[in-house]
Amino acid sequence: MKIGELSKATGVSIRSLRYYEKQGLLAADRQLNGYREYNKMAIEQVVTIQFYLSLGLSTDQIAGFLHCVMKNKESFCKEILPVYQKKLEEINSQIDLLNAIKSNLEERIASILEESGGMLQ
């Protein structure tokens, strides 16, 4: 299947597919005319890449375990657990930071409303 067909089948832009190939996440054979030719597994592979991107993982992180998860169940890929754990730590840190910012904003709003006697509402 050609890159346009893969794009239509997956809903992923041609530009993104080329990027995935450049990052080593997706492989294509080249025809004599230079066109990319993807096998039928490419659809599943692109869907899998999209899933991991939706979890907030980078293409570098995905490249570290994609080959394994395409051949095995995720639970059999020892490379994936540390990536998940690190991502969860990052998310928890972001949540902590956002909660601190939220708290500061709530305090500022309460202070302004108190000082203005509620006239700013």
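The values are calculated or read from the model by the stated rules, or taken from the named source; none is laboratory data. Because the structure is a prediction, the values reported are computed rather than measured. Ideal geometry is used to build each Cβ from the backbone, glycine not excepted, and the neighbour counts take in all protein chains shown.
Going by the conditions given, is Leu66 under 21 Å from Ile3 (Cβ atoms) and without any contact (Cβ under 8 Å) to a residue 12 or more places away in the chain?
no
Every residue in the stretch 1-19 that is closer than 30 Å to Lys86 by Cα and either small (Gly, Ala, Ser) or in a helix (DSSP H, G or I) (or both), please.
Result: Thr10, Gly11, Ser13, Arg15, Ser16, Leu17, Arg18, Tyr19.
Listed here are the residues, each with its yes/no results for (1) surrounded by 13 or more Cβ atoms within 10 Å (Cβ to Cβ); (2) within 15 Å of Ala63 (Cβ to Cβ); (3) outside the structural domain of Lys87 (by TED's automatic domain parsing); (4) of a type in the set (A, V, I, L, M).
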| site | (1), (2), (3), (4) |
| --- | --- |
| Gly4 | no, no, yes, no |
| Ser7 | yes, no, yes, no |
| Val12 | yes, no, yes, yes |
| Arg18 | yes, no, yes, no |
| Gly24 | yes, yes, yes, no |
| Ala27 | yes, yes, yes, yes |
| Gly34 | no, no, yes, no |
| Ala42 | yes, no, yes, yes |
| Thr48 | yes, yes, yes, no |
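Determine which member of the set Arg36, Arg18, Arg30 is more than 19 Å from the chain's Cα centre (by Cα) and in contact (Cβ under 8 Å) with a residue 12 or more places away in the chain.
Arg36
Taking the criterion of being in contact (Cβ under 8 Å) with a residue 12 or more places away in the chain and within 19 Å of Leu26 (Cα to Cα), would at least one residue in the stretch 80-100 satisfy it?
yes
State all residues of the stretch 73-96 that are polar (S, T, N, Q) and within 24 Å of Glu44 (Cα to Cα); if no residue qualifies, say none.
Across the stretch 73-96, the qualifying residue is only Ser75.
Only helices (runs of 4 or more DSSP H) wholly contained in the stretch 20-79 count here; list those with 3 or more residues that are on the phi < 0 side of the Ramachandran plot and touching a Ser or Thr at 6+ places or on another chain (Cβ under 9 Å).
Of the helices (runs of 4 or more DSSP H) lying wholly inside the stretch 20-79, those with at least 3 residues that are on the phi < 0 side of the Ramachandran plot and touching a Ser or Thr at 6+ places or on another chain (Cβ under 9 Å) span 41-54, 66-71.
Of the residues Ser93, Ser58, only one is under 18 Å from Glu21 (Cα atoms) and within 20 Å of the chain's Cα centre (by Cα); which?
Sole residue among the options that is under 18 Å from Glu21 (Cα atoms) and within 20 Å of the chain's Cα centre (by Cα): Ser58.
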